[in-house]
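Accompanying notes for the structure given below.
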Amino acid sequence: MATVSVRQYHRGGFSFENCKRNALLEADINKLGFSSPAARKTGTTICGVVYKDGVVLGADTRATEGMVVADKNCSKIHYISPNVYCCGAGTAADTEMTTQIISSNLELHSLSTGRLPRVATANRMLKQMLFRYQGYIGAALVLGGVDSTGPQLYSIYPHGSTDKLPYVTMGSGSLAAMAVFEDRYKPNMEEEEAKRLVRDAIAAGIFNDLGSGSNIDLCVITKGKVDYLRPHDVANKKGVREDKINGRPETGNYRYKHGTTGVLTKAVTPLNLEVVEESVQTMDTS
Amino acid sequence: MREGAVNRYTLKNAGLFQPNFGAKKWTNPSTTIIAVTFDGGVVLGSDSRVSAGESVVNRVMNKLSPLHDQIYCALSGSAADAQTIAEIVNYQLDVHSIEVEDDPLVCSAATLVKNISYKYKEELSAHLIVAGWDRKKGGQVYATLNGLLSRQPFAIGGSGSFYINGFVDAEYRKNMTRRESQEFVVNALTLAMGRDDSSGGVAYVVTIDKDGAEEKCVLGNELPTFFDE
């Protein structure tokens, strides 16, 4: 079972040494009236589907920090190995680091075996690491790839359980995306049909879930080829501001053109005024 | 089964970090699993629903996990804990069977499961029923709830099992035939899935005898129907 790994996991499960310190820090910060920084989550829609020649993975591109969008175009489809990619939902840092650690260990493993890595191997490594941390690493992943045993798709939950299925969705928009899949999934679809299905599922998540938005990224993995389509579909294009009035570039010009409002009647009444008193007050410019 | 079922002791140490996905307080395992001995082997059965909070995340999960060629275990409770135990014991049985140069006994498999369940009983919330066939004692069923090891003629587990305790007590007979015990298992699962909201989907049935293990999946519309008005 010995593998060549860069990171030596320390034996004996999660180290709770810092939890007490963290709790004290949080209490101190709250006393001063500040709130501790919220972990940036990728309230997300990610999904994957197995079709005739391989798998299609899809993800939206919004990263949220509380109720504010932190990144409008973040990349949620992570590279694991040339034939295996992984979408991540949950805490952004956790998904990023977990996939990088496993990608690095998988490369060493593949050099040691002399073979292209298998999806099941990546699945085992991810689930064993997440189980060891008992759910405290908030990474919910959709892992897909093609290897010598065929195309495979796994969903991996933060506590370390995995499901091997033909179509999976994860993230806050997973219910919307699953609704699309349950309606239109068929086994052994063609590539275009599968891409359209994944695109529609992510779009359902983007438009019906507050935590998902912006563009749709796709990753099509087949035997020997990977198409990383980023962005595949710009579902939310930013509007263009009116900033050239009469040829003069002006930002934020809120003047309307003559004739925007129709004039119905016009009545001019001259006022006869007499100048009664005139006084000048100088400004103090000393 | 529940994704992210969290024991009350681990919640105490939660600190700043809350697991995102449906971390619930310790609840009863949510499944229906059953294992029955018959004359010449055992039959195991399970439903197929995995829930996280209020939504079903996998409606076709096979909870009957092979530990060895003729030894299976039925998983219930926290999905992560149960899957991990089954995979660890699968590995340990592999090594054991190579060392003794023979097929392992069901009792050995059950003891390995029991050892993990007992040692980590505060941290884990999963219940596995181990059943299989070996040359020494034929078909056997072992319950390993909370670290207890108990050999029984039949065993039920999971949240759905509470609804069928009366049914199995009344209907079980010793030395049923293979056919009869498969029907008994499917009937029990159907009744439990009909009443328990956290069990459902399809029914997986595995029959193990001296010739090996036979896996079968009974789809929802093929399940027997009972009084339902």
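Counting the residues of region A:169-198 that are in contact with a Gly (Cβ under 7 Å, 6 or more places away or on another chain) and modelled with pLDDT of 95 or more gives 2. Among the residues of region A:138-155, is any open to solvent by 20 Å² or more (accessible area, probe 1.4 Å), within 12 Å of chain B (Cβ to nearest Cβ) and at pLDDT below 95? There is no residue in region A:138-155 that is open to solvent by 20 Å² or more (accessible area, probe 1.4 Å), within 12 Å of chain B (Cβ to nearest Cβ) and at pLDDT below 95.
The residues on offer are B:TYR118, B:TYR204, B:TYR142, and the sole one that is under 18 Å from the mean Cα position of the chain (by Cα) and open to solvent by 40 Å² or more (accessible area, probe 1.4 Å) is B:TYR118. Scan region A:221-237 and give yes if some residue there is surrounded by fewer than 11 Cβ atoms within 10 Å (Cβ to Cβ), closer than 20 Å to A:VAL69 by Cβ and modelled with pLDDT of 75 or more, otherwise no. Checked against the condition, which is being surrounded by fewer than 11 Cβ atoms within 10 Å (Cβ to Cβ), closer than 20 Å to A:VAL69 by Cβ and modelled with pLDDT of 75 or more, region A:221-237 yields at least one hit.
If the condition is being open to solvent by 10 Å² or more (accessible area, probe 1.4 Å) and more than 19 Å from B:THR144 (Cβ to Cβ), then region B:53-78 contributes B:GLY53, B:GLU54, B:SER55, B:VAL56, B:VAL57, B:ARG59, B:VAL60, B:MET61, B:ASN62, B:ASP69.
Would you confirm whether or not region B:184-191 contains a residue that is of a type outside the set (Gly, Ala, Ser), touching a residue at least 40 places away in the same chain (Cβ under 8 Å) and not in a helix (DSSP H, G or I)? The answer is no, given that none of the residues of region B:184-191 is of a type outside the set (Gly, Ala, Ser), touching a residue at least 40 places away in the same chain (Cβ under 8 Å) and not in a helix (DSSP H, G or I).
Report, by residue number, each residue of region A:124-137 that is in contact (Cβ under 8 Å) with a residue 24 or more places away in the chain and either within 11 Å of chain B (Cβ to nearest Cβ) or out of contact with any strand residue (DSSP E or B) (no Cβ under 6 Å at 6 or more places or on another chain) (or both). If the condition is that a residue be in contact (Cβ under 8 Å) with a residue 24 or more places away in the chain and either within 11 Å of chain B (Cβ to nearest Cβ) or out of contact with any strand residue (DSSP E or B) (no Cβ under 6 Å at 6 or more places or on another chain) (or both), then A:LYS127, A:GLN128, A:MET129, A:LEU130, A:PHE131, A:ARG132, A:TYR133, A:GLN134, A:GLY135, A:TYR136, A:ILE137 are the ones that fit.
Restricting region A:89-128 to residues that are crowded, with 17+ Cβ neighbours inside 10 Å, at pLDDT below 95 and of a type in the set (Gly, Ala, Ser) leaves a set whose member that is farthest from A:ASP163 (Cα to Cα) is A:ALA92. Restricting attention to region A:163-181, the residues being within 7 Å of chain B (Cβ to nearest Cβ) and either in contact (Cβ under 8 Å) with a residue 40 or more places away in the chain or under 14 Å from B:VAL50 (Cα atoms) (or both) number 2.
The values are calculated or read from the model by the stated rules, or taken from the named source; none is laboratory data. Remember, it's a predicted structure, so these values are computed and weren't measured experimentally. Positions of Cβ are backbone-derived with ideal geometry, glycine not excepted, and every protein chain shown enters the neighbour counts. For accessibility, only protein heavy atoms count, side chains too; no ligands or nucleic acids. Shrake-Rupley method; radii C 1.70, N 1.55, O 1.52, S 1.80 Å.
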